[in-house]
Every structure is written in structure tokens, then in C-alpha cells.
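Student: Next up is a structure, given as C-alpha cells.
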Amino acid sequence: MRIVLLGAPGAGKGTQAKMLADKHQIAHVSTGDIFRNEISEGTNLGQQAKQYMDQGSLVPDDIVLDMIEPYLNPKGFVLDGFPRTLDQAKGLERMLNDANAKLERVIQIDVPKDALIQRLLLRGRSDDNEKTIEHRLDVYQKQTAPLIAHYKELGLLTTINGAQDIEDVFEDLLKAAKS
Ligand code: AMP
């Protein structure tokens, strides 16, 4: 199963990706988690990423693409927080092609903006303050939301309602992943 979860910050991608990966015994690949790990280990990559993350901006595509390649196990994965730009999506397609693999489904977890802000403020991660939240939602609209049309055109997109209980979202996610 090779799946991408798409959604704004706070949509619940991380929670759902983890549940899906556990159920299907596939890798859960979160670029945000990888970067946070690199930062806590004090690596070069972490240092590079930190300045962007602190501002709520995207880490540049070339850095993200170099970083993610070894994580793309063609046997299966659920990608959480990647791709976030059209260039990343194209990079992903290239890397999968090279491995003779294809994306099977892109599932958009849709949550209204008001609910996203509420959730992010409750989550309280270091980049979840009022100043960066607005910016991150803007970045999502401008740079990531165009992926919705891109994957629709490729016939890969399913949208599910993320403004439900975690278990109900997961039920819809499982159905979408099978379709
Ligand atoms: P997340 O945990 O997915 O909310 O990501 C936290 C932060 O990590 C984002 O605000 C970005 O600064 C950075 N980040 C994570 N994934 C990506 C990506 N695919 N492209 C660029 N920046 C990313």
C-alpha cells in the first residue's frame, strides 16, 4: 500500500497515518517527525531545517527530496506531510518510477479552517503559536493545496471529512485506502 495523506496542519494526518501504518504494517513516513528528530540530534540537516520550521515556512524542496528518498520503501508506506509542493510531488513520482512503483491513492483529510486553528492551539507544539499558525495555514493554501487538483487529475484523489471523531475518520480512511 503506497498512500499519501494530504491535509492542512491540524487536519489529523499524523494520528491517522500512524493508525493506518499500524493496521497495514507499512512504514509511516512523516517529514515533520524526521526533521524534528534531526533537530534533536543536532545534525546539519536539522540545523538547516530548523530556521524554516520555526517560522512556519517550508523547508526548501531540494533538502526535503534528498532527505526522503531512503524512506520510500516501494513495498509500502503512508506519507504524512510530504509532498507539500508540486515540485515535491513530481520528485516523488520520479523516485517511485525509478523503483517501478506507483502511488496508489492520495487521501485528503478535509477540516474547516476554524477547527484547524482550535486544534493547533490545543496541540501546543513549539511551532503551534498564533503567529505561525496563520502563516502555516497560508503556506498550505498557496503551496500545498494545488496538489489537490494535481492528484484529482491523475485520478488518485479521495477526500474524506476530517471533522469527525478519530475513529470515524479512520473508518473513512480505511475505505478510501481500499478503493
Ligand atoms: P509537520 O509536522 O508536517 O506539521 O511539519 C512541521 C514543519 O516541518 C513544517 O511547518 C515545515 O517547516 C517542515 N516540513 C515538514 N514536511 C515538509 C515538507 N514536505 N516540505 C517542506 N517543509 C516540510
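The values are calculated or read from the model by the stated rules, or taken from the named source; none is laboratory data. Predicted model only: the values in this text are computed from it and were never measured. Note that each Cβ is placed from the backbone with ideal geometry, even for glycine, and that neighbours are counted across all protein chains shown.
Student: Looking at the structure I just gave you, is Ala101 more than 9 Å from the ligand (Cβ to nearest atom) and over 17 Å from the mean Cα position of the chain (by Cα)? Write out each step before concluding.
Tutor: Working: more than 9 Å from the ligand (Cβ to nearest atom): yes; over 17 Å from the mean Cα position of the chain (by Cα): yes.
Yes: the conditions hold for Ala101.
Student: A follow-up question, please. So for the stretch 108-117 (the condition being modelled with pLDDT under 95, closer than 20 Å to Ala8 by Cβ and in contact with a His (Cβ under 6 Å, 6 or more places away or on another chain)), does at least one residue qualify?
Tutor: For the stretch 108-117, residues modelled with pLDDT under 95, closer than 20 Å to Ala8 by Cβ and in contact with a His (Cβ under 6 Å, 6 or more places away or on another chain): absent.
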